[in-house]
Structures are given as C-alpha cells and as structure tokens.
1. Full-extension gain between L375 and S727, please, as 0.36 nm times their residue separation minus the C-alpha to C-alpha distance.
2. Where the convex hull is taken over the Cα atoms of region 1-66, what is its projected area averaged over directions, in nm²?
3. Determine the gain in length on full extension of the stretch A637-K680; use 0.36 nm per residue of separation and subtract their C-alpha separation, reporting nm with one decimal.
4. Calculate how steeply helix 296-305 sits against the longest principal axis of the alpha-carbon atoms of the chain, using the helix alpha-carbon long axis, and give the answer as 0 to 90 degrees to the nearest 10.
5. Taking the Cα centre of the chain as the origin and placing charges on Cβ (Lys, Arg +1; Asp, Glu -1), which of A100, G317, G446 is farthest toward the positive end of the dipole?
6. In region 261-342, if the dipole is taken from +1 on Lys/Arg beta carbons and -1 on Asp/Glu beta carbons about the Cα centre, which of L288, V268, L342 is farthest to the positive end?
7. Just read off the accessible area of R323 with the full protein assembly in place, 1.4 Å probe, to the nearest 10 Å².
8. Could you tell me which label, among [x] 37.5; [y] 52.4; [z] 35.5, carries the value of mean projected area of the Cα convex hull in nm² calculated for this structure?
Amino acid sequence: MKRLISYIKPYLGWILAAILLLYGQANCDLALPDYMSKIVNVGIQQGGVAGAIPEALRETTMNRLSLFMDAGMASRIRSDYELVVPGSERAKGLEAKYPALARENVLVLGKKLDKAETDAIEGELAASFLAVTSIEKFMADPKAAAAAMDSQSSAQGGFDLSKLPAGMDVFALLGKLPAGQRAAIAGTINKKVSTLGPSMKIQAAALAIKEEYLAIGMDEAAIQRSYMLGIGAMMLLLTLLGAVATILVGFISARVASGISRDLRRAVFTKVEGFSLHEFDTFSTASLITRTNNDVMQLQMVIVMMIRMVFYAPIIGVGGTIRAMAKDSSMWWIIALAVAVLIILIVIVFKIAVPRFRIMQKLIDRLNLVSREGLSGMMVIRAFNMQGHEEERFDKANKDLTGNMLFVNRVMVVMMPVMMLIMNGVSLIIIWVGAHQVAQASMQVGDMMAFMQYAMQIFFAFIMMSMMFIMLPRAQVSANRIAEVLETEASVKDPASPRAFAPGAPMGIEFRDLSFRYPGAEEDVLHGISFTARPGQTTAIIGATGSGKSSVVGLVPRFYDATEGSVLVGGIDVRELSQSELREKIGFVPQKANLFSGTIGSNLRYADEEASEEALEGAARIAQAAEFIAESPDGLARTISQGGANVSGGQKQRLSIARALVKRPPIYIFDDSFSALDFKTDSALRRALKKETGDATVIIVTQRVATVKAADQIVVLDDGRVVGIGSHESLMGSCETYQEIATSQLSEEELR
C-alpha cells in the first residue's frame, strides 16, 4: 500500500473529515451504555433522584443533617438553598410543587451548582443523609439497633443509641451533645457502610432523598418520568447523531475509495498506453485487465473498510476500555482474557488464510487468460474439435480458484462461531462476577450492564480489526500488482528536450546501419539494415515469413527502439523526437486489423475527430470499402461490434486502411495490410492509393509479389538482412531470394 500512497494524498482532507466524524460517532456509541446505566441505576432503582443533593428539603431535615457536619460545611450548604416560609409570596408560587410549604419551612435549591460545588458538598450530604437515616431506622426498632451498633465504637463516642427509650426525639438530644461526640456517632455509622462503593453510597443517599421528597409532597412519578424522558431523549439524540455520522462516513469512504480507484485505473491505463511492445510481452493482456479491474476493486473495498473500521475500531477499543474501567476496575481481567484469546485466534487464522490470499490473484489471472483465449479463439477451437480440451483447461483453472476460495471461506466460517462463543462466554463471566459484586453492594446493576456493553464494544472493535488484518494481505497483493505496472519504466521514452520537425520538411525515412534485438533475446533479428524510403515513392518490403519485415517498420513509430544504428524521419533520429510528434506524421495500418466498438464513422474518425462526412466517404472509396458500406442502410452509421466481429477480415483491413487515409499524414506504413484482399481489390486499392498518397512516403510490407511489382523501390529481406534493393525488373536479374519468391507466386507470363 505504501507504494500507492501518492494516490491517497489528494483525499487526505476527506479522510481527516471522516476520522473526525468517526470520533464523534464513537463517542456517541460509547456514551449510550453510560446512559443506559443511568436509566437502571437512577431512573429505576433511585426513582429518578440523580444524586445526593436534593432540590428541596424540609428545614427540620436540614437541621438534622447539620448535626453531622462541621459548622463551616453546614453553613456553606445552607447558603446554596433558599428558605421559603409558609404564607410568604414565594411560598404561594411553590406550594403546588412542594405541598409541605403549607405547614412548615422548606429549603429550595436557589441556584444551579457548578461541578466544583457539587463535588464539594455531595459527599458531605450523602454521609449526613446516611447517618440520619440509620439513626431513624435504629430508633424505629430498638432491638435491631442494639444488634447493629458496635458497643466498642459507641463507647468511643460516649453515647449508646440502643439505651434510649423508644419515641424519644434523639436528634434534639444529639443537638445538645458536643461536636466530637456527634462526629464519633457518624463515624460509627459510616463504618457500617464503608464497604459500599462511592456510587452505592450516592444511591443509598438518593433513596433517603426520595423519602424526603415524599414527605414534602412532591410527585414521585413525575420526578421519575421526567428523568427517564430526559435520559431517553439524550440517548435518542446520540443515536441520531451517530446515525448521521455513520451515513456521512459511508458517503466519504465511498467517495474516497471510488476516487482513488478511478485515479488508479486512469493511471494504469495511461501507463499501459505508453508501454512499448516489450512491456506488453512482460505483462499479459489478461493480467493487465485483472490488475486494472479486479485488483483495483480489491483496493477500493479495503479502502472503504479501512476508513469505516480501521480508524473507528481503535477509538472504540481505547474509549471502551477507559469507560469500562471507570465502571468497575476490578473486572479488567475479563476484558484482558477475552482480548488475549481473540488475538491468538486472529494469529492462527492469519497464518492459515494469508498464504492463500497471496495466490488468489494469480489464479484469477489464470482464469481470465483461459477465458480470453477460449472466447477469442472459438472458431479455431471448433474447427479442430477441441471443445473438450478447452473445457478441461477452463475447468482446471476454475477449480483451482474455487478450491482456494473455498478454503479461505471455510476458515472464515469457523472463525465467526468461535468469536461468538468467546463473546457469549465473556458475557456470562461478567454476569457471574458482576452479580456477586451487586450482591455485596459494591457495584450497581446498571454499572454491571454498562460494563458488559463496553466489553462487547471492545470485543467488536477487535473483531473489526481482525477482519481488516485478514483482508489487508490480499489488498497488499493487489496493491503490489498495480504498483508493478505503475513503476515499470517504458523502454521507449521521450527525450528530455525533444526536437521538432521543420514546417514543410520532406518526410523521408532512412534506415542507417540498423540492428535490432528483442529485449531478452540472445541474438539480433535485424542486422545492418540500410535503405531510404523517399517522399513521393512507394517502398515495398518483401521477404519470407520471419525475415524481419514487421520488425523493420515497427521501429519507425518507435514501437521498439533500435539496438544499434538509427532510424531517421525527416532527417531527425526518431529517438530525438517525442512519440506524439513522430506518430502524428504516420498513418500506420498493422498486420492485424483492429476495429473498436461503435460505428464505421467513429472508427474512421479515430484518425481525425473533425473529419467531415465527405472526407470519410473519400477515404472509404480509395480503400475500396465504399461498396460494402453502401450495402448497409445505415451507411457510415453501421454498428461495429467489439473487435470488428461483425465484418469480414477483408472488410476490417479496408476500414483500417481508410482510417489511415482519413488522417492524411506525410508517411503511410502498410504492414501486410492487403493479405485478406483478393487480387482484384488489391490492384484497385493500390491504383487508387497511388493517386491519393501523392508526395507522401509509402512503405508497404507484404509477401505478395503482385502487390510490390509496381513499387518504386523493393527491399528484399532474408533472415534479418537486406539481400536486395531495386525495382521488380532489376531484382529478377540480381536477387536470388526475390526470384524464388516471385517464381513461387507468379507464372512466367505474369513475371514479364
């Protein structure tokens, strides 16, 4: 993936936006278990009383609470409340909410407390509420009080509650005791609840506050309903925000992945367009198609998953761990155990599956190759009755790929149930351990449920990461295969400072002591080739099969570069020209006529997009294609299927020649382009071509003597060497190779 990092850089802004959205989404997801915990702990168990600071309480209750605080703290807490007296104007507005105001003084929280003030007084209030509640319970049941009180601790305070008579106003008596004795009594009570965690103490105090609210006459159901609706609304808001973030991240990830894929496909295609024939020998056509489509698609899928998971999973994993530890740090070992088992499972799967991913793309290459060969060579396969053999080839490639994919899928099928088993096992352990802690009053039920949800979030984060770890190796293989194409240096390059043709310069072609060897070959296929093709003349190149005819003309447009010597066009070495400048001057018709899907007109305009209908018709007439074009009612608009499969070989050749004529270049190269034409059409085409080309330089490669008889110059090749140059008549008298070719094709009468 590192080799393709430059294609990701343009999308870093989008990726950063996705990360920020994922951070927001993760925080929304992480907040939900905490709010669920509040619903259970506060909304259900505490009746909606959220903390140990009541919004209102009777003055008598505050007086009792103050007995167990130092004077400074009691004064501080009283300053946060407003005293409302029955019959006052203030009381009239609050009697509906606090009915007790009709008969006694009530303290109402006068302001919204900040966090610092809340932290400072909540613990004191909670401890005082527990002390007051405990004393009230003790005095309501003296026998229970005697059993519950620690005599030694009571002696330290010098005051034994169990000795007081039932019904006595113990708080009036406590108010007369020294502050030290009251602190000792509070300490004794607090010692009994010292095993409670901070949240359990708040919960116990909240229950006392709930009783106080009932005494004031407040609507208990309304308090609970208000709290539950508020928390529910917050959870709904967080869910909606998370959903919006998920949708936006999905949009961004799809946009980024599609954009990178588009850029990669464009880059690969552009790179391939600049390849010489040597690079096409290195990468098969099937492999290039796979790399451009399937490999890029693999990367696109992984990029989408990476943006949506790789950045999200760590946030959830770390955030979930922090929040879970905040709920109960004593159960950390459960998460650690689950993660350890999961990592071991991932490593095992990684070791088994990754090697298979590495060979999967090669198997896809092989399947594409066999499919392509079978489809393109269907006529040959049928002609030789080899359908069975090709079916076996396809079957083997198909089964190899299927077997490999089935193996990987079986591993994945086993992996998911094991992960679910681990996850369910973790849930059972959390419930088992958490239930014991709830029974011991060291943990609240809501906190246990929240801890379990956080554990599941952490677990799913690791599952997401494990899926990415399994997908990444295959994507890495695809990325390397794409990078191989992009990093391949073309053997034919433009010069740093290319020269340009002088306006109106004659476009002759000179081969100067040229030798050529195909890349990787041990021997030259062309040896010391030297001749000149002049403007206004037709130069024919003839020779036996394999003599190097196509290799010679392939060096003119720089499909390859000469190993030794040079090719000069217009007096300039072709290696000193840009490929675009050079090829703009050449109308090249290859051995294998190739048409593109579209229409006849679109194929002819491939040479000149601005060509008029008259120009197309004129080129078709010269190429002897006008007759069969006219046979179709659509004319130039007749549809051409992929590769020109719906026209004959001769028609394809004539359309290819017409396409070159539309360009009207100063150089024409016909590489055995008349082989599919009958002699009559061949002769008519050459006559029309002679008139059309005028001052152009024309090179015709052929094996037909009849095609080259009228050429101004005939170059005879044999085994990569020039063995004769001249006219037909002179070569018949001086070149043995030409004589053998001519006499094998023409009668004595035709040779004259």
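The values are calculated or read from the model by the stated rules, or taken from the named source; none is laboratory data. Every value quoted in this text rests on a predicted model; they were computed, and no experiment measured them. Please note: Cβ atoms are built from the backbone with ideal geometry, for glycine as well, and neighbour counts cover all protein chains shown. For accessibility, only protein heavy atoms count, side chains too; no ligands or nucleic acids. Shrake-Rupley method; radii C 1.70, N 1.55, O 1.52, S 1.80 Å.
1. That pair, L375 and S727, stretches by 122.3 nm at full extension.
2. Projected over every direction and averaged, the Cα hull of region 1-66 covers 8.6 nm².
3. Going from the current span to full extension adds 12.8 nm.
4. 10 degrees
5. Selected residue: A100.
6. The residue sitting most towards the positive pole is L342.
7. Probe radius 1.4 Å; accessible area of R323 about 80 Å².
8. [y]
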